[in-house]
1. Among the numbered criteria (1) at pLDDT below 95; (2) within 14 Å of A263 (Cβ to Cβ), which single criterion is violated by P245?
2. Within the stretch 211-226, work out how many residues are touching a strand residue (DSSP E or B) at 6+ places or on another chain (Cβ under 9 Å) and either more than 16 Å from the ligand (Cβ to nearest atom) or in a strand (DSSP E or B) (or both).
3. I'd like the residue in the stretch 164-220 that is without any contact (Cβ under 8 Å) to a residue 12 or more places away in the chain and of a type in the set (S, T, N, Q) and, out of all such residues, is nearest to R44 (Cα to Cα).
4. Restrict the check to the stretch 227-237 and report whether at least one residue is in a helix (DSSP H, G or I) and more than 16 Å from the ligand (Cβ to nearest atom).
5. Looking at the stretch 169-187, can you tell me whether even one residue there is among the hydroxyl-bearing types (S, T, Y), under 21 Å from the mean Cα position of the chain (by Cα) and modelled with pLDDT of 95 or more?
6. Go through (1) at pLDDT below 95; (2) surrounded by 16 or more Cβ atoms within 10 Å (Cβ to Cβ) and name the single condition L304 misses.
7. Assess whether I262 counts as being within 16 Å of the ligand (Cβ to nearest atom), at pLDDT below 90 and either assigned to a helix (DSSP H, G or I) or not assigned by TED's automatic domain parsing to the domain that holds P52 (or both).
8. May I ask you to list pairs of residues, at least six apart or on different chains, whose Cβ atoms are under 8 Å apart, with the first in the stretch 150-163 being closer than 10 Å to D229 by Cβ and modelled with pLDDT of 90 or more and the second being assigned to a strand (DSSP E or B) and away from the ligand (no atom under 13 Å from the Cβ)?
Amino acid sequence: MIQGFPFFKRMRGIPFQGLVSFLLVVAGLCIHDASGEASTSVDRITIGAGMPAAAFLAREIGEDKVDVITALPEGSNHEFSSITAKTVSKLLEARVFLTIGLPFEEQIADSLQNRNPKLIIVHLEDGIRRIAMGSAHDHADHHHTPNCHTGTTEDPHIWMDPLNMIHMAQALEAALAKELPSASDALAANSKDLVERLENLHETNLSVLRPMYGATLLSYHAAFGYYADAYGLKQLAIESEGKSPSARKIADMMSPSKEQMIACMLIQPQFDTPPIRRLASRIGLPAEVIDPLSTDYFGMMERLRNVLLNHYSKDPET
Ligand SMILES: [Zn+2]
């Protein structure tokens with residue numbers, strides 16, 4: 001029996017919203033009231049980000065002009081029990097909070113703004129085309145659990161397409177330039193450099209992945225929809241409503257694997273457990289760990305490309 005792994009668990013039955021409110025109250029007891037400070041020109045600001053991909057963009061573009069606080073720490077098990085009162089109190093010092101469209105970020109943003117009305121919320125996801133979640137098969141239940149990222153069937157993993165990262169980098173630079181006018185030239189130069197690196201990443205991905213056009217990426221968690229969409233691949237996700245499916249369902253899913261050209265199973269470190277490793281070996285596929293929540297975006301993308309190149313360039317009959 002394979003245990004379920006809800007993407008965002010509730011903490012001992014306390015809904016996340018309640019947990020944030022509680023932590024905000026606790027944090028509010030030990031910090032000064034940020035809203036009471038005079039607004040003066042500054043040359044360094046604190047930026048809060050919900051997700052690691054947004055934190056990555058803020059560090060790359062803001063460089064030494066910013067302190068970046070991520071609500072979801074790298075390597076966390078996606079559970080909001082990992083947001084500590086200390087993190088919340090640091091987030092309360094932020095001048096800007098970055099979201100990329102996940103409902104939990106909205107909850108944090110609302111809670112922070114209640115405490116600090118001057119907080120500027122920047123929606124980096126605005127204008128990005130959304131794809132449907134889990135389009136590889138049409139089970140109605142094939143999306144994240146409502147207390148995961150989303151109660152809808154829109155795929156939230158927009159950062160897995162480098163072109164979406166370019167869009168978000170440009171939106172971020174515009175927002176930061178307003179807050180740090182004296183650094184606008186440096187911000188523009190950093191943004192330009194980052195955009196060029198993202199363009200190069202995309203071009204390299206296009207050429208390296210072209211021979212595997214139409215192949216299926218098998219992932220435990222459905223985090224690769226935008227990546228698959230960008231490079232002519234398909235995503236097949238095992239996890240359903242935060243739980244592993246039954247053995248029979250797995251067998252059904254795997255039966256067309258030869259035509260679908262599946263060569264490995266991608267798992268995130270947050271889900272890298274013995275039951276999931278056993279599942280991979282039962283299906284007869286090597287397991288490869290890729291962390292879409294890494295703050296080392298280029299390293300993660302390079303590893304993903306190399307993993308696919310390694311497994312999908314082999315003769316599937318051997
Ligand atoms: Zn996810």
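1. (2)
2. Of the residues in the stretch 211-226, 6 are touching a strand residue (DSSP E or B) at 6+ places or on another chain (Cβ under 9 Å) and either more than 16 Å from the ligand (Cβ to nearest atom) or in a strand (DSSP E or B) (or both).
3. Here the residue is S184.
4. If we filter the stretch 227-237 for residues that are in a helix (DSSP H, G or I), which is where we start, we get 227-230.
Among the residues that remain, those that are also more than 16 Å from the ligand (Cβ to nearest atom) are: 230.
Yes, some residue in the stretch 227-237 is in a helix (DSSP H, G or I) and more than 16 Å from the ligand (Cβ to nearest atom).
5. In the first step, residues of the stretch 169-187 are kept if they are among the hydroxyl-bearing types (S, T, Y); the result is 182, 184.
Narrowing further to those that are under 21 Å from the mean Cα position of the chain (by Cα): none.
Within the stretch 169-187, none of the residues are among the hydroxyl-bearing types (S, T, Y), under 21 Å from the mean Cα position of the chain (by Cα) and modelled with pLDDT of 95 or more.
6. (1)
7. Numbers: within 16 Å of the ligand (Cβ to nearest atom): no; at pLDDT below 90: yes; either assigned to a helix (DSSP H, G or I) or not assigned by TED's automatic domain parsing to the domain that holds P52 (or both): yes.
For I262, the condition - within 16 Å of the ligand (Cβ to nearest atom), at pLDDT below 90 and either assigned to a helix (DSSP H, G or I) or not assigned by TED's automatic domain parsing to the domain that holds P52 (or both) - is not met.
8. D155/A132
The values are calculated or read from the model by the stated rules, or taken from the named source; none is laboratory data. As the structure is a prediction and not an experimental result, all values here were calculated from the model. Heads up, the Cβs are rebuilt from the backbone with ideal geometry, glycines too, and the neighbour counts pull from every protein chain shown.
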